[in-house]
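What follows is a set of notes on a single structure, which appears directly below.
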Amino acid sequence: MLKKWLLNPLSIIALAFALSLPALFTGYFGDDYMHHALLQESSPIQKPQDLSLFGLFSFVNGDTTRTLQLMDLGLLPWWTNPDLKYAFWRPISEITHWIDHRLWPSSPELMHAQNIAWYLLLIYLVHVLFKSSLPNKASALSAGIPILAMLIYGLDSSHGFTVSWIANRNSLIAATFGVSSLIFYIRWYHQGRHSNYILSLVFLSLSLLAAEFGISTCAYLGAFAIFMDKDGPIKGLTYIIPHAALTGLWWLTYKVGNFGAANADAYYLDPIASPLLFLSTLGERLVALIGSQWGLIPAEVFGFIGPSNPVVGNVALIIGAVFISLTLLLLTPLLKQYAHIRFWFFGMLFAALPVCSAAPHDRVLLFIGLGGSYCAAAIIIAALKHAQELYGNFALAARLTAYPFALTHLILAPLLMPLMSYSTKIWSAQLDLTPALFAGIDSTNGVENKQFILFNVPIGSALAITTTRVVQNLPLPDKLWVISTTDTDTTVSRISDNQLLASKPTGFITGAEQATRNLQSKPINVGDTVPLNGVTIKIIKVSTQGHPTEILLTFKDSLDDSNVTLLNWNPEGKKFEEIDIPKVSNQYIFLASDK
């Protein structure tokens, strides 16, 4: 009775809803603050001049002038590569955020509710798709796969982060429309109705306009043509030429509109612009992503923790490789015998290739999870119900291997789903937003018309000041220049009426600071200048490792102007300390916190 109730589409959707509910209480995270700021009518952050509707996903668009303006607002540090670009064309997703901010601008809970609604719709459509892909005469093994695969997909803890991040809704929408495109294509294939074919093209276009992620739809279309089309792969591939042409038109428009990532090696690689770099990371990223899909180690352990802690990253890769190896051992007999399982397996692999352009993260697993969940369901049914028939002398070994596999996907993953649905709150708690309050500053002279020069504020906290204050309806300073973001010895001296010399022996750009500039591909040299609106920063000294250690700040106005304020962050007191600017002399201001 319990089994019959659980393996029911409505029950699975209801359970997924219950396990996703913690997402309602996670509030804003990361780019959510920027989206809020950009969607305000009187926003201090101007929309970029591009094909996007509101610039929500293209606010760092590679325009040097705009990049400098973002530096003036404290949204980027001064060392940012002026050609840095994170610009993505996602108009469909932008519309949904615009609706949020028109109807319930002060309710992140309702914004999260929209995310959950998209996810529940996606789960339902995934079940429809899984059933559609079954052969006309399904075997006893195949017949039970769609509902179990739906259960695995819908309760997969790796989807929790995606559901709980408002700004990541684009992935949910792209996957929903992509799955819809596949459903109508398969219906056309079986029924021959042209309206289904047209709808497949329409939903493919909507998927691509929701996120680049939608290109993975074509991965499954190609896999279907190769492994499922009764007329053979060559004929099958000709049937999806219109889909390929539509995708090519989208890509051309995307590139003409100057969208994409550039000089952003810390997070995104452009396979076209940097093919060798992309290929050099492809193997590791595939293992991290598919290992996360079939195992329990989140892909971001390798993608985000790994670069700063190689030991942790390598351990994550090894565990992922072990999960993949064991899974392939159980899957190989099924791949040999069943075309529809080959379709889902290779569709998963093809879908993984485009998302390997981004640093591995579970939030890109929605398309990979289609084939991954289907294969997982097939393994569980095959090894636990048809082991003798499929594995022969290795039946016992297959069963023993399948039990922990089933435990992972049917028990541990669902148990972890509420935690992962709350994970953006956990991540955001690691970011100290108290610098945005300017404790001790607001209550004295206020911040309007001020030019704040910030030292030693943690980079995540520093870059969140402006958007956090917009969300909280707090006044903004005229300028907010982020000079240093590491709590190491920093000295400042005034050498003329409008010049300061700042020195940091350990370097201004270390660790996380390199996220906005790769010093190997875009080095900083002595004599380089950054011309901001009100101050010009000139590089005076660079270490042998290429890190700037001394900079000269030349201000447009005198440093004696009452609106020019130097602020040093005190991490123990959780407040800024206003630094008195000395008269012209050799006097130094020591800004490092006590060790």
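Among the listed residues LEU331, LEU365, LEU390, LEU370, which satisfies the condition of being open to solvent by 20 Å² or more (accessible area, probe 1.4 Å) and either part of a helix (DSSP H, G or I) or at negative phi (or both)?
Numbers: LEU331 fails: open to solvent by 20 Å² or more (accessible area, probe 1.4 Å); LEU365 fails: open to solvent by 20 Å² or more (accessible area, probe 1.4 Å); LEU370 fails: open to solvent by 20 Å² or more (accessible area, probe 1.4 Å).
The match here is LEU390.
Before we move on, is PRO82 over 19 Å from VAL163 (Cα atoms) and open to solvent by 10 Å² or more (accessible area, probe 1.4 Å)?
On the way: over 19 Å from VAL163 (Cα atoms): yes; open to solvent by 10 Å² or more (accessible area, probe 1.4 Å): yes.
Considered against the rule, which asks whether it is over 19 Å from VAL163 (Cα atoms) and open to solvent by 10 Å² or more (accessible area, probe 1.4 Å), PRO82 comes out as yes.
Condition check ((1) open to solvent by 40 Å² or more (accessible area, probe 1.4 Å); (2) farther than 22 Å from GLN451 by Cα; (3) at pLDDT 85 or above; (4) aromatic (Phe, Trp, Tyr)) across all residues:
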{"residue": "PRO523", "(1), (2), (3), (4)": "yes, yes, yes, no"}
{"residue": "THR529", "(1), (2), (3), (4)": "yes, no, yes, no"}
{"residue": "SER543", "(1), (2), (3), (4)": "no, yes, yes, no"}
{"residue": "GLY546", "(1), (2), (3), (4)": "no, yes, yes, no"}
{"residue": "VAL564", "(1), (2), (3), (4)": "no, no, yes, no"}
{"residue": "PHE590", "(1), (2), (3), (4)": "yes, no, no, yes"}
Check: In this structure, is ASP432 open to solvent by less than 20 Å² (accessible area, probe 1.4 Å) and under 24 Å from the mean Cα position of the chain (by Cα)?
Finding: no
Notebook entry, point to check: How about the range 14-31: which of its residues are surrounded by fewer than 22 Cβ atoms within 10 Å (Cβ to Cβ), in a helix (DSSP H, G or I) and within 18 Å of the chain's Cα centre (by Cα)?
Noted result: ASP31
Check: From the list SER484, SER461, which one is open to solvent by less than 40 Å² (accessible area, probe 1.4 Å), in contact with an Asp or Glu (Cβ under 7 Å, 6 or more places away or on another chain) and small (Gly, Ala, Ser)?
Finding: SER461
Notebook entry, point to check: Is there any pair with a first residue in the range 309-331 that is free of Cβ contacts under 8 Å to residues at least 60 places away in the same chain and more than 19 Å from ARG342 (Cβ to Cβ) and a second that is polar (S, T, N, Q) and surrounded by 15 or more Cβ atoms within 10 Å (Cβ to Cβ) whose Cβ atoms are under 8 Å apart and which are 6 or more apart or on different chains, and what are they?
Noted result: GLY320/SER292
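Which fully enclosed helices (runs of 4 or more DSSP H) of the range 103-178 have 2 or more residues being more than 16 Å from SER421 (Cα to Cα) and in contact (Cβ under 8 Å) with a residue 12 or more places away in the chain?
On the way: elements: 108-132, 140-143, 145-154, 160-164.
It comes to 108-132, 140-143, 145-154.
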Item checked: Among residues of the range 449-483, those that are of a type in the set (S, T, N, Q), over 17 Å from LYS575 (Cβ atoms) and touching a residue at least 60 places away in the same chain (Cβ under 8 Å), counted -> 4
Notebook entry, point to check: Taking only pairs six or more apart or across chains, which ones have beta-carbon atoms under 8 Å, a first residue in the range 36-57 that is in contact (Cβ under 8 Å) with a residue 12 or more places away in the chain and open to solvent by less than 70 Å² (accessible area, probe 1.4 Å), and a second residue that is part of a loop (DSSP other than H, G, I, E, B) and β-branched (Val, Ile, Thr)?
Noted result: ALA37/ILE45; LEU38/ILE45
Next item on the list: Tell me, please, whether a residue that is farther than 23 Å from ASP100 by Cβ, open to solvent by 10 Å² or more (accessible area, probe 1.4 Å) and in contact with a His (Cβ under 9 Å, 6 or more places away or on another chain) can be found in the range 198-217.
Entry: yes
Item checked: Subset of the range 63-73 that is touching a residue at least 60 places away in the same chain (Cβ under 8 Å) and touching a Pro at 6+ places or on another chain (Cβ under 8 Å) - its residue that is surrounded by the most Cβ atoms within 10 Å (Cβ to Cβ) -> MET71
Note to self: So for the range 220-243 (the condition being touching a Cys at 6+ places or on another chain (Cβ under 7 Å) and touching a residue at least 40 places away in the same chain (Cβ under 8 Å)), does at least one residue qualify?
What the structure shows: yes
Next item on the list: Enumerate the strands (runs of 3 or more DSSP E) found wholly within the range 522-572, keeping only those where 2 or more residues are of a type outside the set (Lys, Arg) and without any contact (Cβ under 8 Å) to a residue 60 or more places away in the chain.
Entry: 535-542, 548-555
Check: Of the residues VAL311, VAL301, which is open to solvent by less than 60 Å² (accessible area, probe 1.4 Å), of a type outside the set (Phe, Trp, Tyr) and part of a helix (DSSP H, G or I)?
Finding: VAL301
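Among residues belonging to the range 393-403 that are surrounded by fewer than 20 Cβ atoms within 10 Å (Cβ to Cβ) and in contact with a helix residue (DSSP H, G or I) (Cβ under 7 Å, 6 or more places away or on another chain), point out the one that is farthest from LEU151 (Cα to Cα).
Within the range 393-403, the subset surrounded by fewer than 20 Cβ atoms within 10 Å (Cβ to Cβ) is 393-397, 399-401, 403.
With in contact with a helix residue (DSSP H, G or I) (Cβ under 7 Å, 6 or more places away or on another chain) added as a condition, the list becomes 395, 399, 401.
Working: ALA395: 25, ARG399: 20, THR401: 20 Å.
Here the answer is ALA395.
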Check: Scanning the range 98-118 for residues that are more than 20 Å from the chain's Cα centre (by Cα) and open to solvent by less than 40 Å² (accessible area, probe 1.4 Å), which turns out farthest from ALA210 (Cα to Cα)?
Finding: SER107
Next item on the list: Say whether the condition of being basic (Lys, Arg), open to solvent by less than 10 Å² (accessible area, probe 1.4 Å), touching a helix residue (DSSP H, G or I) at 6+ places or on another chain (Cβ under 6 Å) and farther than 30 Å from ILE152 by Cβ is met by at least one residue in the range 495-511.
Entry: no
Next item on the list: Identify the single condition in (1) out of contact with any Lys or Arg (no Cβ under 7 Å at 6 or more places or on another chain); (2) open to solvent by less than 20 Å² (accessible area, probe 1.4 Å); (3) in contact (Cβ under 8 Å) with a residue 12 or more places away in the chain that VAL60 does not satisfy, given that it satisfies every other one.
Entry: (1)
Next item on the list: Kindly check whether there is at least one residue in the range 404-414 that is over 21 Å from GLN337 (Cβ atoms), modelled with pLDDT under 90, surrounded by fewer than 23 Cβ atoms within 10 Å (Cβ to Cβ) and over 20 Å from the mean Cα position of the chain (by Cα).
Entry: yes
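Give me the residue from the range 159-176 that is polar (S, T, N, Q) and under 13 Å from the mean Cα position of the chain (by Cα) and, out of that set, surrounded by the fewest Cβ atoms within 10 Å (Cβ to Cβ). So that I can check it myself, show each step before the final result.
First pass over the range 159-176, keeping only residues polar (S, T, N, Q): 162, 164, 168, 170-171, 176.
Next, only the ones that are under 13 Å from the mean Cα position of the chain (by Cα) stay: 162, 164, 168, 170-171.
Values: THR162: 26, SER164: 28, ASN168: 23, ASN170: 26, SER171: 28.
Selected residue: ASN168.
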Checklist line | Residues located in the range 461-475, provided they are more than 12 Å from ILE45 (Cβ to Cβ), in a helix (DSSP H, G or I) and in contact with a Gly (Cβ under 8 Å, 6 or more places away or on another chain) | finding: ALA462, LEU463, ILE465
Item checked: Which numbered condition ASN533 fails, given (1) touching a Ser or Thr at 6+ places or on another chain (Cβ under 6 Å); (2) of a type outside the set (A, V, I, L, M); (3) open to solvent by 60 Å² or more (accessible area, probe 1.4 Å) -> (1)
Next item on the list: Test ALA406 against the criterion of being out of contact with any His (no Cβ under 7 Å at 6 or more places or on another chain) and in contact (Cβ under 8 Å) with a residue 60 or more places away in the chain, and give yes or no.
Entry: no
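The values are calculated or read from the model by the stated rules, or taken from the named source; none is laboratory data. A quick note: this is a predicted structure, and the numbers were derived from the prediction, not measured. Because the Cβ atoms are built from the backbone with ideal geometry, glycine has one as well, and the counts that use them run over all protein chains shown. Accessible surface is based on the protein model in full, side chains and every heavy atom, while ligands, DNA and RNA are left aside. Shrake-Rupley method; radii C 1.70, N 1.55, O 1.52, S 1.80 Å.
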